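Q: Structure in structure tokens, see below.
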Amino acid sequence: MRRRAPAGASAAAASPDVSDLLFYLALVLLPVDGTVAGISLPYWSPLSPWFFLAYAVANWRVFGRVFRRYAAFMLLPVLLALMSVYGWMTMGFHAVAAAKSIGSVVLGLACLASLEIALRIKRLDWRPMVTVLVAAYSFAFLVGVLQWAGIRWGITGIKDFFARLMYRNYTWQRPQFLFAEPSYIGMHLYGVLLPVYWLTHDRRLAVLIPVFAAGAILMGAGTRIVIDTVVAVFLWLIASLNFRRRGATIGAVAGVSAVGVAGVAAVFLDPRLNRLVSDGLLKGDGSMSARIFHALAPAWAWKHDFWHLMFGWGAGNVSSAVKAGYWGARRWYDARGGLINDEISGLANPPVDTFTMSGYVSFVTEFGVLMAVLLGVMVVAGVVVRRAWSRGMLCWLVLVAYLYVQFEAYAFYALALVVWGSMHGKPFSSRPSVMFHP
């Protein structure tokens, strides 16, 4: 039994390998990132990263080829550990928090390595992979519908079940599907599924993504999915339409206008968005104000500590920066009437494993501006060197950059996917870009 090579491939697919089950398990569990069954990482408890790591280890014989292609990225954990020495020596060393931080980077690279091994080196057929993704996320959506039914009709048994299942439970108020929290919906739809659609042009994803997004919005899963959807639709229009054709240009203008109208309508129809617009980000919603303060406290410490801003407080030392910047940020925040809750008050003496809710704030705080700039250059350089630059690729990069503004999990798949995608073909062409020649 042999896998059928994708149409247009220059060679037959690899023979079946038991290790490939690990890769498919990772795909099956991709939307399951918020249950008590997962291993706790900063603000989520995923399962898939560990299977990606197991898959990369099981295929260690070909890892040299992966390393040569992504050497700069594969050396990143070593660079981050070396950069952290300054922070560890000056601020202290928290072993568990540091291991989670650098370990999360390793897990993110395991996803990148797994994509390279499965799709480029082994040349596995991408169609079954998309089938697995569609099935996994469809199941997650149905779980959300069940959670919504429990909330809508007050079914205690359903709510109690998910209260025991979810690591951070939101299902007493709104559906969170199988994600760590409802705000992660956009990360999965537009950080994972939409790029996979751009890479494969599989029509099943073209159905699943809008159905999932519309369902989440209609079920009141959160405010961020509304904003994420508006941003993603706008960037999709810019990426996909041929502006050289008059009809496409008219369609683009109409589409952008429709997105704008939908955004304005959402402000009036969604109570949380309405409060955010009328009262401001600091006073309109307790969850939003807490998110802002989580990022504001360490960022305030940047202002008064140049050397740590450059070289970082060290992996696992976000809490040190939060504590250093807390009262300065609090005075600024209070002067502008920001809402205060127990979560914000507790940051005066934060736990060691505290978080920022922003990938940029977390990375700069732990590893410094210099490493943040280096990582950005590495991502962009991969696009330029491989001549993958295009309007669509730029939109993809902008979308991923936007998503991490309020998301900090280093092991999440969106960044690994965009790095891998930029190295292979033209993801916005009419043919699936995984059909490439090695």
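Q: Those residues that are out of contact with any strand residue (DSSP E or B) (no Cβ under 9 Å at 6 or more places or on another chain), touching a residue at least 40 places away in the same chain (Cβ under 8 Å) and crowded, with 22+ Cβ neighbours inside 10 Å, I need them from the range 156-182; list them, please.
A: Selection gives PRO175, PRO182.
Q: From the list GLY316, GLY328, GLY284, which one is over 20 Å from VAL405 (Cβ atoms) and either under 28 Å from the mean Cα position of the chain (by Cα) or surrounded by fewer than 15 Cβ atoms within 10 Å (Cβ to Cβ) (or both)?
A: Values: GLY328 fails: either under 28 Å from the mean Cα position of the chain (by Cα) or surrounded by fewer than 15 Cβ atoms within 10 Å (Cβ to Cβ) (or both); GLY284 fails: over 20 Å from VAL405 (Cβ atoms).
Exactly one of GLY316, GLY328, GLY284 is over 20 Å from VAL405 (Cβ atoms) and either under 28 Å from the mean Cα position of the chain (by Cα) or surrounded by fewer than 15 Cβ atoms within 10 Å (Cβ to Cβ) (or both), namely GLY316.
Q: If you go through the range 140-155, how many residues are open to solvent by 50 Å² or more (accessible area, probe 1.4 Å) and of a type in the set (Phe, Trp, Tyr)?
A: So the count comes out to 2.
Q: Could you list, in sequence order, all residues of the range 357-371 that are open to solvent by 30 Å² or more (accessible area, probe 1.4 Å) and within 17 Å of the chain's Cα centre (by Cα)? Can you show your working first?
A: Filtering the range 357-371 for residues open to solvent by 30 Å² or more (accessible area, probe 1.4 Å) gives 360, 369-370.
TYR360 - this is the single residue of the range 357-371 that is open to solvent by 30 Å² or more (accessible area, probe 1.4 Å) and within 17 Å of the chain's Cα centre (by Cα).
Q: So TRP198 fits all but one of (1) touching a residue at least 60 places away in the same chain (Cβ under 8 Å); (2) touching a Lys or Arg at 6+ places or on another chain (Cβ under 8 Å); (3) part of a helix (DSSP H, G or I); what number is the exception?
A: (2)
Q: Moving to a separate point now. Identify the residue in the range 74-96 that is among the hydrophobic types (A, V, I, L, M, F, W, C) and within 16 Å of SER319 (Cα to Cα) and, among all such residues, is farthest from the chain's Cα centre (by Cα).
A: Applying the filter and picking the extreme gives MET89.
Q: Return a yes/no flag: does the range 331-339 have any residue that is open to solvent by 60 Å² or more (accessible area, probe 1.4 Å) and touching a Lys or Arg at 6+ places or on another chain (Cβ under 7 Å).
A: Taking the range 331-339 first, the residues open to solvent by 60 Å² or more (accessible area, probe 1.4 Å) are 331-332, 334-336, 339.
Keeping just the survivors that are touching a Lys or Arg at 6+ places or on another chain (Cβ under 7 Å) gives 339.
The answer is yes; a qualifying residue exists.
Q: Here is a check on your reading of the model: is PHE355 in contact with a helix residue (DSSP H, G or I) (Cβ under 8 Å, 6 or more places away or on another chain) and of a type outside the set (Asp, Glu)?
A: Numbers: in contact with a helix residue (DSSP H, G or I) (Cβ under 8 Å, 6 or more places away or on another chain): yes; of a type outside the set (Asp, Glu): yes.
Against the criterion (in contact with a helix residue (DSSP H, G or I) (Cβ under 8 Å, 6 or more places away or on another chain) and of a type outside the set (Asp, Glu)), PHE355 qualifies.
Q: Going through the range 58-116 one residue at a time, which ones are open to solvent by less than 50 Å² (accessible area, probe 1.4 Å), assigned to a helix (DSSP H, G or I) and not aliphatic (A, V, I, L, M)?
A: GLY64, PHE73, PRO77, SER84, GLY87, SER101, GLY103, SER104, GLY108, CYS111, SER114, GLU116
Q: Please find, among ARG120, ARG127, the residue that is open to solvent by 10 Å² or more (accessible area, probe 1.4 Å), more than 30 Å from VAL78 (Cα to Cα) and not hydroxyl-bearing (Ser, Thr, Tyr).
A: Working: ARG120 fails: more than 30 Å from VAL78 (Cα to Cα).
None of the others qualify; the one that does is ARG127.
Q: Any idea which of ILE185, ILE227, ILE209, ILE217 is assigned to a helix (DSSP H, G or I), open to solvent by 50 Å² or more (accessible area, probe 1.4 Å), out of contact with any strand residue (DSSP E or B) (no Cβ under 7 Å at 6 or more places or on another chain) and closer than 24 Å to LEU417 by Cα?
A: Numbers: ILE185 fails: open to solvent by 50 Å² or more (accessible area, probe 1.4 Å); ILE209 fails: open to solvent by 50 Å² or more (accessible area, probe 1.4 Å); ILE217 fails: closer than 24 Å to LEU417 by Cα.
Residue meeting the stated conditions: ILE227.
The values are calculated or read from the model by the stated rules, or taken from the named source; none is laboratory data. What you see is a predicted model; the values in this text were computed from it and never measured. Cβ: placed from backbone, ideal geometry, glycine included. Neighbour counts: every protein chain shown. Only protein heavy atoms, including side chains, enter the accessible area calculation; ligands, DNA and RNA are left aside. Shrake-Rupley method; radii C 1.70, N 1.55, O 1.52, S 1.80 Å.
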